[in-house]
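Take a look at the structure set out below.
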Amino acid sequence: MENPYILPEQTPCYVDGEFIYTDQYVSNTNPVNGQNLGQLCEANQALIEQAVTAARYAQNHTWGKMTSQQRCQLLHQVADKIAENEQAFIQAEMADTGKSLQQLTQIDIPRGTANFRIFADMVKSYAGESFITEQTNGDKALNYTIHKPLGVVAIISPWNLPLLLATWKIAPALACGNSVIVKPSEETSSTMYLLAQIMDEVGIPKGAFNLLLGRGEVVGDPLTRHPGIDAITFTGATKTGSQIMKNAAANVKPVSFELGGKNSAIVFADADLEKALNGVTRSSFTNCGQVCLCTEKVYVHRSIFDAFVEGLKQRAESLTIGYPTDPDVFMGPLVSKQHRDKVLSYFQLASQEGAQFITGGSIPVFNDDRDNGFFIQPTIITGLDDDARTNQEEIFGPICHLSVFDDEDEVIARVNNTRYGLAASIWTDNLTRAHRTAAQIDVGMVWVNTWFLRDLRTPFGGCKLSGIGREGGQHSLSFYSQTSNICIQIDN
Ligand code: 6OD
């Protein structure tokens, strides 16, 4: 990629080592000002078939036949190229999502590189098991396991952290020797197109990496029903996950799902108030609240509730909202008009349910082109029961509800009163309390005195409606591999 990134008029799919322009389009909108950014070429059924065939060929003849060492060298080159072209990735991701430069440079784009590096390194030491089995007649047997690729993996990735979450799956799937067919969200496909260019340039064999663009109902649905797909990995809404699971069931294929969340923060009386306030500001409003890990419910001990409300209000009101190119801006717009309408409908629901708005609740006015974009105010509410719909349903916007609690058992029960189980954060200076409470929360991940601090070797995923399985480190390698046992008779 010698040229800086310029959004193409038409973004093509990438199948079997070729960029392919179809005759069906989906338009791409800039969430900062509502202007059209260009069009995506939507994949059709014939292209889906071609991608599956090419991916299988790469499995049987090229990518699947390379040594792990060769594959990992190529994946490191992919990481190097993402880093070299950081500016292009920033521009593309910003154009699609409107997310701030701060976030792109600190979180999203570096994770694209890191995802390739970690899995290329980890797979080299992905060891199997071995046992000497003693038989009754004195013979022995050697049992040992090998890890093989699953085959062709379909990757359906979301719009909130497009590069980060797609590469979180692409990198381990490729490192384990699979071929992949990636279907990114139609709202945010540009960085996947850049990644396809890089795959092409570094010489990833044709068909090992395929990119199908377009809408879920047109591309994702037939792809996940296709009998030529060996596994499906998905991050996104619980409802879509449930549909994909039905599709996968027809062919009895494994799935790995990271789905919605309704995450809580608990602020105990002994917490460092400054740290807790800064942490909850970050966990509620990062990426305009569009991270599955974001806090939407905050439980604060009665003795510090008023001080906490005042501190959080002050912080929310001083967040800079605006053009994502401005280095001082913390929050850009929501991703689309449709999504803003959804978030606004929850503001309205909260109000109907009797919430008091401490701050926010509407759309900021700029008196310039941003008024045609999809901005929204960081919003804090209080006064609702735990069972209110606002406190039970995932909103996925910059809003949190504050509640008072009195004791530890009470707050744990209230935090667990949800159909979701992704993440939680606990703010306390009492180490014993931290260990005791963290273990009792029904979620996949608990952060103590921090939030979204990531070590890519740790298991990541949720329970209940928040997902199936874990990815990260060994857990990714395990999902993206087939383990076979080999048993060898050793005569006495
Ligand atoms: O950090 C990660 O690895 C990860 N899977 C984050 C997911 C965020 C969901 O919006």
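Assuming 0.36 nm per residue, please report the length gained on full extension of the stretch D200 to H61 beyond their Cα-Cα distance.
48.3 nm is the gain from fully extending D200 to H61.
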**Message:** Tell me which of T11, Q482, T325 sits at the most positive position along the dipole axis of the chain, charges placed on C-beta atoms (Lys, Arg +1; Asp, Glu -1).
**Reply:** Q482
**Rounded FRET efficiency, nearest 0.05, which uses the C-beta distance separating I468 from K124 and R0 of 30 Å** = 0.60
**Inter-label distance for Q135 and I363, nm, one decimal - labels placed 7 Å from Cα along Cα-to-Cβ** = 7.6 nm
**Prompt:** In Å and whole numbers, how far do the C-alpha atoms of region 191-251 stretch along each principal axis, longest first?
**Reply:** 37, 22, 18
**Message:** Using a Förster radius of 30 Å, what is the FRET efficiency between E408 and K342 based on their Cβ-Cβ separation? Nearest 0.05, please.
**Reply:** 0.30
**Prompt:** Hey, got the Cα dimensions of region 266-315 along the principal axes, in Å, largest first?
**Reply:** 31, 19, 14
**Message:** What is the distance in Å between the Cα centroid of region 22-47 and that of region 440-492?
**Reply:** 35 Å
**Tail beyond 20 Å, pair distance distribution of region 263-454 (Cα, percent)** = 52 percent
**Item:** Residue-span extension gain [V252 to N143] - 0.36 nm each, minus C-alpha spacing
**Value:** 36.5 nm
**Request:** Would you calculate the separation in nanometres between label points at Q314 and N485, each defined as 7 Å from the Cα along the Cα-to-beta-carbon direction?
**Result:** 6.2 nm
**Message:** If you average the alpha carbon positions of region 154-230 and of region 295-361, how far apart do those two centres end up, in angstrom?
**Reply:** 33 Å
**Complete:** Set K253/K342; K148/K169; K275/K337, cut-off 28 Å on Cα-Cα distance; pairs above it are K253/K342; K275/K337
**Where the Cα pairs of region 183-325 fall when distances are cut into 5 Å bins, in %** = 2, 8, 13, 13, 13, 12, 10, 9, 9, 7, 3, 1, 0
**Item:** Residue-level accessible surface for D371, protein heavy atoms, 1.4 Å, Å²
**Value:** 60 Å²
**Asked** Among 217-226, 330-339, what's the highest-first ranking by average C-beta atoms within 10 angstrom per residue?
**Response** 330-339, 217-226
**Prompt:** Can you give the three extents of the C-alpha atoms in the chain along their principal axes, from longest to shortest, in whole Å?
**Reply:** 74, 64, 39
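The values are calculated or read from the model by the stated rules, or taken from the named source; none is laboratory data. Quick caveat, the model's predicted, so the values are computed rather than measured. Reconstructed Cβ throughout: ideal geometry from the backbone, glycine too, with neighbour counts over all protein chains shown. When the accessible area is computed, the model is the full protein with side chains, heavy atoms only, and any ligands, DNA or RNA have been set aside. Shrake-Rupley method; radii C 1.70, N 1.55, O 1.52, S 1.80 Å.
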